[in-house]
């Protein structure tokens, strides 16, 4: 049997990868993809805890987290499309009408 | 068998995650993310969460990622990004240090939380999706309702934002 | 397994009213003739009125005994009722303000009112949820509506830029928050606040994963209340969003986030109070220092108010750091009063027009007293109140926060706060000075410089309510203080 901490380490690595991605990438779509990584790390945590704690609620949380992620993506991509229409860029470094 | 599968899924997930944030071409990043999602779904199967695994594939890989790829191709951004942020290098150092710390903590932690009633055997008896369904529509009914409203807001919001502005709007001041 | 009961549904009656109202606005929008769209604003106001009455009735019926609902995920208590009444009132004022302001900005879409209502329902869920998952969903519902509203001026790149920045940093922070929730779930086996509290009691002190989860929650909530160092989105988003949305963000979303922040940290994480206290003291001091110092150099009034709102988050955090009955009551009092004065200040900004644009530079206020003495007078009142000068309500708010800190033997923190409150007077009074001491036209001199005040009945009503609130609460604060004290969280 795999120890729970292996799953937690895996999820921590994926989470940190996502955080680093948000910090280093400049393309907004890439930022969103990195945030998806963070949410997936959370899902790994929830499912692993659900299994090791014998509490199925963890799997229910994954559903809600997933729905929230899907809905956020819809709004986020709508913002990106509107932004692109106005400025023809999705590079955060060029979002500089105001000080970033 | 399980340790081998775990090692495979975990390693590929980590590599795919790294590729997702480091590849230059956003479409390649999307495909790396797809690989990650698939392998995380495999992990879910190892954890006896079959229903979540299937949902992960259908919703994440089937819907969310396709939406990303669709927008990427619509905007045709393939060669947009040439450089990464350089000025955040110190951030990365901080995050890296934190990660090492975090991993040390996790490796040292001998983890055994409170055992709940839903052991694998108990869940298998009624079926994974049944168990989730019953919980979702009884104890977690309120979050379910909130999520419904949330989705409505997201749909309308996406339409409001992405709708082509009418000529009257465009004649407004461009500041 | 429990099945939903009438008592459960009754418990969320105000939320249901607001959600149904939001959906109805969306449905009624295409059915309403183009020149009758104002009716949708009145309809939203009526919904809010109904929700307010129900909420008020709950508050009266409920003092003392919290009633759990939905198998412990939700609670009907005086604490939640207090915040709900405040949030409903603020939303009503923002709808009134927006009714006038959206027309000026040519973004007169009725969906706006629907989003205010949806966002409000998310906030109401946040302040009454007793499960981290429910609080998270409420927070997401609130934020999602705010992301959309921030980008409502779709033809203006600034507004979209604000929406994009808000969206990215907002979902980044809620991802961090969710990771913290997942760690708490793993460590304590529960996401309800009571379950987490019991779980923490059984853990050894200084459990590293617990501390990490606590840190992640501080980051997540810190983003939402705009505390330093998680404040970097605030100035840009406040500047770029349509001003009525900025007012809503600055007042309502901050109040709701503080309400959830307090509830989570006092009810669930009360057992590790000593560890989060240290962290929050640092955050609190940094917030007050940075907010007040950077506000001094701003030339745009919306940016200045953004930094001022960061600074005010710092003062309110003192109440959380104190973490006792007086502290909780003082945060509630602080944010209630802050709502009036800040909303009033933003309302004045919406009324000021420079050509076809909004007069959002501090220069645009030059000689306002000569152009429109009433607008200048109320702005003076709000600036005095934000600076905390008696006899305005802002003084009362700060006084109680500082007293709470002194009462908990945190005199050092109180002294720092007083010093920075004094520094803040400089940039608030600069606006007053510009309005009263300078002649109109005596400015940086853009060609075609014509600033005027566009007063509509709705905006005047908002100003009147806000100004009366600031004055009356400044002189007779007792009813509000008593309401806050009777609605504090039962501390365990």
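The values are calculated or read from the model by the stated rules, or taken from the named source; none is laboratory data. Keep in mind the model is a prediction, meaning the values are calculated, not measured. Because the Cβ atoms are built from the backbone with ideal geometry, glycine has one as well, and the counts that use them run over all protein chains shown.
Inspect all residues belonging to segment C:102-112 and state whether any of them is more than 8 Å from chain B (Cβ to nearest Cβ) and at pLDDT 90 or above. Looking through segment C:102-112, at least one residue is more than 8 Å from chain B (Cβ to nearest Cβ) and at pLDDT 90 or above. Checked against (1) more than 23 Å from residue B:70 (Cα to Cα); (2) at pLDDT below 90; (3) more than 7 Å from chain B (Cβ to nearest Cβ), residue A:85 passes all but condition (1). Apart from one condition, residue A:70 fits all of (1) modelled with pLDDT of 90 or more; (2) crowded, with 19+ Cβ neighbours inside 10 Å; (3) facing chain B (nearest Cβ under 7 Å); the exception is (2). The single condition among (1) within 14 Å of chain B (Cβ to nearest Cβ); (2) in contact (Cβ under 8 Å) with a residue 60 or more places away in the chain that residue C:37 does not meet is (1). Annotation note: of C:118, C:169, the sole residue that is at the interface with chain B (Cβ under 7 Å from one of its Cβ atoms) and part of a helix (DSSP H, G or I) is C:118.
When C:155, C:238 are screened for being surrounded by fewer than 24 Cβ atoms within 10 Å (Cβ to Cβ), facing another protein chain (nearest Cβ under 10 Å) and under 30 Å from residue C:347 (Cα atoms), only C:155 passes. Could we say that residue B:11 is assigned to a helix (DSSP H, G or I) and either surrounded by fewer than 23 Cβ atoms within 10 Å (Cβ to Cβ) or more than 7 Å from chain A (Cβ to nearest Cβ) (or both) here? Against the criterion (assigned to a helix (DSSP H, G or I) and either surrounded by fewer than 23 Cβ atoms within 10 Å (Cβ to Cβ) or more than 7 Å from chain A (Cβ to nearest Cβ) (or both)), residue B:11 qualifies. Identify all residues within segment C:179-195 that are within 13 Å of chain A (Cβ to nearest Cβ), surrounded by 21 or more Cβ atoms within 10 Å (Cβ to Cβ) and in a helix (DSSP H, G or I); write none if there are none. Once the filter is applied, which keeps residues that are within 13 Å of chain A (Cβ to nearest Cβ), surrounded by 21 or more Cβ atoms within 10 Å (Cβ to Cβ) and in a helix (DSSP H, G or I), segment C:179-195 yields C:179, C:180, C:181, C:182, C:183, C:184, C:185, C:186, C:187, C:188.
Counting only residues that are touching a residue at least 24 places away in the same chain (Cβ under 8 Å) and more than 19 Å from residue B:50 (Cα to Cα), segment A:1-12 holds 3 of them.
Residue by residue, here is whether (1) touching a residue at least 12 places away in the same chain (Cβ under 8 Å); (2) more than 8 Å from chain A (Cβ to nearest Cβ); (3) buried (at least 22 other Cβ atoms within 10 Å of the Cβ) holds:
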{"site": "B:3", "(1), (2), (3)": "no, no, no"}
{"site": "B:17", "(1), (2), (3)": "yes, no, yes"}
{"site": "B:21", "(1), (2), (3)": "no, no, yes"}
{"site": "B:33", "(1), (2), (3)": "yes, no, yes"}
{"site": "B:36", "(1), (2), (3)": "yes, no, yes"}
{"site": "B:40", "(1), (2), (3)": "yes, no, yes"}
{"site": "B:48", "(1), (2), (3)": "yes, no, no"}
{"site": "B:63", "(1), (2), (3)": "no, no, no"}
{"site": "B:70", "(1), (2), (3)": "no, yes, no"}
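Only one entry of A:34, A:5 meets the criterion of being facing another protein chain (nearest Cβ under 7 Å) and over 21 Å from residue B:32 (Cβ atoms), and that entry is A:5.
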